[in-house]
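We did not get these values from a lab; they are worked out from the coordinates using the rules stated. Predicted model only: the values in this text are computed from it and were never measured. Don't worry about glycine lacking a Cβ; one is built from the backbone with ideal geometry, like all the others, and counts go over all protein chains shown.
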Amino acid sequence: MARLLVCYGSTEGQTATVAERIGDVLDERGHEVTLANLKHPPDGLSPSESDGVVVAASIHAGSHQPYVGAFVRDHLEELARLPSAFVSVSLSAAHADEADRAPAGEMLEAFLDETGWEPDETLTVAGALRYSQYGLLKRFAMKRIAGRASGDTDTSRDYEYTDWDAVEAFAAGFASLVDREA
Ligand SMILES: Cc1cc2nc3c(=O)[nH]c(=O)nc-3n(C[C@H](O)[C@H](O)[C@H](O)COP(=O)(O)O)c2cc1C
């Protein structure tokens, strides 16, 4: 049994749910999982207490939560010694067309370039539109963005694009990597 840290940044909650699902899969595989919100990390949270780390973050206005980048930069050496994975949640990843999805991969790569982290595994995940949780300005901005992207502009309801099977398969793959490294 390995001790695994699954930590995340999430502005509206979708990445928190993605991180929980990854944690559930790792738990089902018999590992001891610590889930941590990097916005309010427990005192002294460090990857060095773990045998593997998954970091997840979502994209807002072209970049991931800065506090997630700060955590990764602060712990680069520990991360380099452990099996690690980065999961990037965005609306760009929801596009059906491969060319339209490219920015999701580019923003993931930009995060890795900026932090200097080289995780073993990466995944882009389609997030959600939670109109019901947005204030007036955010709802207006997202309606315009979604109008160009998916056409899902009915602000009286929420939309979820996450491929949960892909998230679970990724988590199972990471569990196998940890098992091999153990
Ligand atoms: C204000 C705002 C800005 C966003 N900007 C982008 C963006 O630049 N690119 C993108 O692909 N998705 C963008 N999104 C979509 C989010 O990445 C998506 O809603 C995701 O599910 C949010 O994850 P979270 O709930 O964990 O914060 C934006 C969402 C909001 C609300």
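Taken one residue at a time, the phi angles of segment 8-17 give Karplus couplings (6.51, -1.76, 1.60, θ = phi - 60°) of 8, x, 8, 8, 10, x, 5, 5, 4, 5 Hz. Gly and Pro are set to x. The Cα-based radius of gyration and maximum Cα-Cα distance (Dmax) for the chain are 16.3, 50 Å. Dipole check for the chain: with +1 at the C-beta of Lys and Arg, -1 at the C-beta of Asp and Glu, and the Cα centre as origin, the magnitude is about 880 Debye.
Comparing Arg81, Arg157, Arg21 in a Gaussian network model of the chain, where Cα atoms under 10 Å apart are tied by springs, the biggest mean-square fluctuation is seen for Arg157. Charge tally around Phe170: other residues with Cβ under 11 Å, Lys/Arg +1 each, Asp/Glu -1 each, net -3. Along segment 136-141 the Karplus relation, 6.51 cos²θ - 1.76 cosθ + 1.60 evaluated at θ = phi - 60°, assigns HN-Hα couplings of 4, 5, 5, 4, 5, 5 Hz to successive residues, with x for each Gly and Pro. Measuring r between the beta carbons of Ala172 and Glu118 and using R0 = 30 Å, the FRET efficiency lands at 0.85. Less than 5 angstrom separates the built amide H of Ala36 from those of Val6, Cys7, Tyr8, all sequence-distant by 5 or more or on a different chain. One equal scatterer on each Cα of segment 39-102, no solvent, Debye formula: the resulting log10 I(q)/I(0) at q = 0.20, 0.21, 0.22 Å⁻¹ is -0.85, -0.90, -0.95.
Mean-square fluctuations from a GNM of the chain, with a 10 angstrom spring cutoff on Cα atoms, peak among Gly116, Gly52, Gly135 at Gly135.
Using the beta-carbon distance between Asp27 and Arg81 and R0 = 25 Å, what value does 1/(1 + (r/R0)^6) give for FRET efficiency, to the nearest 0.05? Don't skip to the end; give the middle numbers.
Numbers: r = 23 Å, r/R0 = 0.93.
Between Asp27 and Arg81 the formula returns 0.60.
Among Glu106, Glu98, Glu78, the residue with the largest mean-square fluctuation in a Gaussian network model of the chain, with springs joining Cα atoms closer than 10 Å, is Glu98.
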